[in-house]
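Worksheet: the structure to be examined is printed underneath.
The values are calculated or read from the model by the stated rules, or taken from the named source; none is laboratory data. Only a predicted model underlies this, so the values are computations on that prediction, with no experimental measurement involved. Quick reminder, even Gly has a Cβ in these numbers, built from the backbone with ideal geometry, and neighbours come from all protein chains shown.
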Amino acid sequence: MENNQSYFYQFLEPISEDLSQMANGLEKSIYSSPQTMLMHTRTFVEAILHRVMIAEQLSGEENFTLKDRIDLLEKKGLLEKEIIDALHQVRMNGNSAAHESRNFRYSEALLSWEAIYVIIGWYVKKYCPQDVKVPAYQDPEPTKGDHTEVSELEARLQNMEALIRSNIQQQKGLTEEFETAAGSGTPGDALPGLALVRTIVYKDRSLEVPHFLRDAFLLPQRFEESERFLATLAAKQEVRIMSELPNNLEGLHDDVKGFSEESDEILFKELKHFIKEETARREVELTLPGKLALFYKTDYVIVTDQLANIPLIEEEFDSIPSLFQQLHEDQIERVGQLPKDLATLTKYDNVGFETVEELFEQLKGK
């Protein structure tokens, strides 16, 4: 490709590593599985519109569908006809891919790929730094020698979606909380966002959900014993974020096959632990504004400029070569590019919590 790009949307990296990597995954899936590409393109575009709504200060619309977002932005006069048509092209193709059982054609995926280009061009021009340049459109070419399994592409795209949603929600939540604190004169020792807004129960037990977690994305990797249960619920569009959980978890397993009442109980236990960890992390973020931190469970390390630039190679870190190889395949090559929540690294093959903990301890040592 032109400009020595390894993939077309590499120019998005300075704007959003998450969006650029998901675009890379979409490009790889066009010829491997058009249906997979079409479904995840819909979520990719929804994430872009979510960012636009934050930029335009259109708050309180977290549960909007993609159509809701398009309609609202059109009503506000923020979309031209070309952009509206491109957005609906992606939406309708994605809906078809999600609900129809048939072989989808490469040409259908390429139509959505062209629509993405129109949408990205508009987004970059209006909402991104002026020095970011969108290259001329190119049709993607099948990657020779790329034997990535469809199931692996699907898993990667699902994880990318999860990270994108999580990061957007965290960004929006922090902005809202600081504005709320500033407007209400919250004392310095009263951290915003920690007010309890919801109660979830299981039998005779209950847990309280704080304001900042009301729409948090439930990354399956964060729930060691419930990972498969949550992943299955997410795949069925039953539960992806906290607000989609029922107030009473009894009987949640009935929504998917292969799980029992014990699954509900274990999830409740892990949700309680998840809220405890996230609350501790939020306290760190709010008391150290402007600092980049990498978290593992309730512990963390502050990432200095020097630490951020350390390459993820065997010469710098002991005994983690297979993880580094997989990170490099996803263009994650330096410490500063690691996900904020290191537990998400368990998505990689043969990487368990012991490996992640080993990496975290070495990061602390540096």
The one condition in (1) over 25 Å from residue 230 (Cβ atoms); (2) touching a Gly at 6+ places or on another chain (Cβ under 7 Å) that residue 282 fails to fulfil
(1)
Conditions (1) touching a residue at least 24 places away in the same chain (Cβ under 8 Å); (2) surrounded by fewer than 18 Cβ atoms within 10 Å (Cβ to Cβ); (3) under 30 Å from residue 98 (Cα atoms); number of the one not met by residue 286:
(3)
Would you please list the contacts, defined by Cβ atoms under 8 Å and residues six or more apart or on different chains, that run from a residue in the range 34-59 that is closer than 16 Å to residue 234 by Cβ to a residue that is at pLDDT 90 or above and of a type in the set (D, E, K, R)?
42/91
Residues of the range 63-103 being under 10 Å from residue 42 (Cα atoms) and of a type in the set (D, E, K, R), in sequence order, are 91
Residue check for residue 296: in contact (Cβ under 8 Å) with a residue 60 or more places away in the chain, more than 19 Å from residue 25 (Cα to Cα) and outside the structural domain of residue 28 (by TED's automatic domain parsing):
yes
Residue 305 meets each of (1) closer than 26 Å to residue 216 by Cβ; (2) at pLDDT below 85; (3) not assigned by TED's automatic domain parsing to the domain that holds residue 229 with one exception, condition (1)
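So that you can scan it fast, the table gives a plain yes or no per residue for (1) surrounded by 14 or more Cβ atoms within 10 Å (Cβ to Cβ); (2) closer than 15 Å to residue 340 by Cα:
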| residue | (1), (2) |
| --- | --- |
| 211 | yes, no |
| 230 | yes, no |
| 233 | yes, no |
| 243 | yes, no |
| 247 | no, no |
| 259 | yes, no |
| 295 | yes, yes |
Some residue of the range 64-85 being in contact (Cβ under 8 Å) with a residue 24 or more places away in the chain and under 17 Å from residue 36 (Cβ atoms):
no
Name the residues in the range 305-331 that are under 22 Å from residue 28 (Cα atoms), surrounded by 16 or more Cβ atoms within 10 Å (Cβ to Cβ) and touching a residue at least 40 places away in the same chain (Cβ under 8 Å), would you?
330
Report yes if some residue within the range 242-253 is part of a strand (DSSP E or B), outside the structural domain of residue 298 (by TED's automatic domain parsing) and not acidic (Asp, Glu); otherwise report no.
yes
Have a look at 197, 209 and point out the one that is under 23 Å from the mean Cα position of the chain (by Cα) and either of a type in the set (Ser, Thr, Tyr) or in a strand (DSSP E or B) (or both).
209
Flag if residue 353 is over 28 Å from residue 14 (Cα atoms), aromatic (Phe, Trp, Tyr), touching a Ser or Thr at 6+ places or on another chain (Cβ under 9 Å) and surrounded by 13 or more Cβ atoms within 10 Å (Cβ to Cβ)
yes
Restricting attention to the range 108-129, which residues are of a type outside the set (A, V, I, L, M, F, W, C) and either crowded, with 22+ Cβ neighbours inside 10 Å or farther than 14 Å from residue 29 by Cα (or both)?
112, 114, 117, 121, 123, 125, 126, 127, 129
What is the one condition in (1) closer than 30 Å to residue 141 by Cβ; (2) surrounded by fewer than 14 Cβ atoms within 10 Å (Cβ to Cβ); (3) touching a residue at least 40 places away in the same chain (Cβ under 8 Å); (4) not polar (S, T, N, Q) that residue 11 does not satisfy?
(2)
The number of residues in the range 325-346 that are part of a helix (DSSP H, G or I) and under 17 Å from residue 294 (Cα atoms) is 9
Based on this model, can you work out whether residue 286 counts as in a strand (DSSP E or B) and under 20 Å from residue 216 (Cβ atoms)?
no
